[in-house]
Amino acid sequence: MSKRKLSNDDALALVLSGLKGEIPVSDLCRKYGVSTATYYKLRDQFIAAGTQGLQNHGKTNQIKALELRISELEKALGRKTLEVEVLKTAEDFFARKRGL
């Protein structure tokens with residue numbers, strides 16, 4: 001069988017159709033122009049990704065890492081905002097002191 005590169009949408013449709021079980025896998029593979037080995041590889045990848053999503057409450061490791069990074073940046077922004085406020089207060093204080 002010739003090798004065919006499936007689009008992400010086609011791969012998803014193939015796997016979901018296979019999991020529904022309404023059409024034999026061999027017929028689906030023929031329809032999409034892929035081998036049964038390719039179908040089972042895609043199915044296993046799909047199931048593994050779903051399992052990971054369930055284990056992390058639907059969050060991938062990448063999403064968790066990004067959320068952590070956002071949290072770190074928010075804290076840094078808070079610190080810098082506080083520094084700016086302190087500097088403004090000091091500037092006002094010394095400006096009044098010079099004005100006396």
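For segment 24-46, which residues satisfy the criterion of being closer than 11 Å to L14 by Cβ and small (G, A, S)?
G33, the sole residue that qualifies.
Mind checking which helices (runs of 4 or more DSSP H) fall wholly inside the chain and carry at least 1 residues that are at pLDDT 90 or above and in contact with a Phe, Trp or Tyr (Cβ under 7 Å, 6 or more places away or on another chain)?
The helices (runs of 4 or more DSSP H) meeting that bar are 8-20, 25-32.
Residue by residue through segment 22-47, note down the ones that are under 28 Å from T60 (Cβ atoms), exposed (fewer than 13 other Cβ atoms within 10 Å of the Cβ) and over 27 Å from the mean Cα position of the chain (by Cα).
Within segment 22-47, A37 is the sole residue that qualifies.
The values are calculated or read from the model by the stated rules, or taken from the named source; none is laboratory data. Predicted model, so just to flag it, every value in this text is computed and none were measured. Virtual Cβ from ideal backbone geometry, glycine too; neighbours counted across all protein chains shown.
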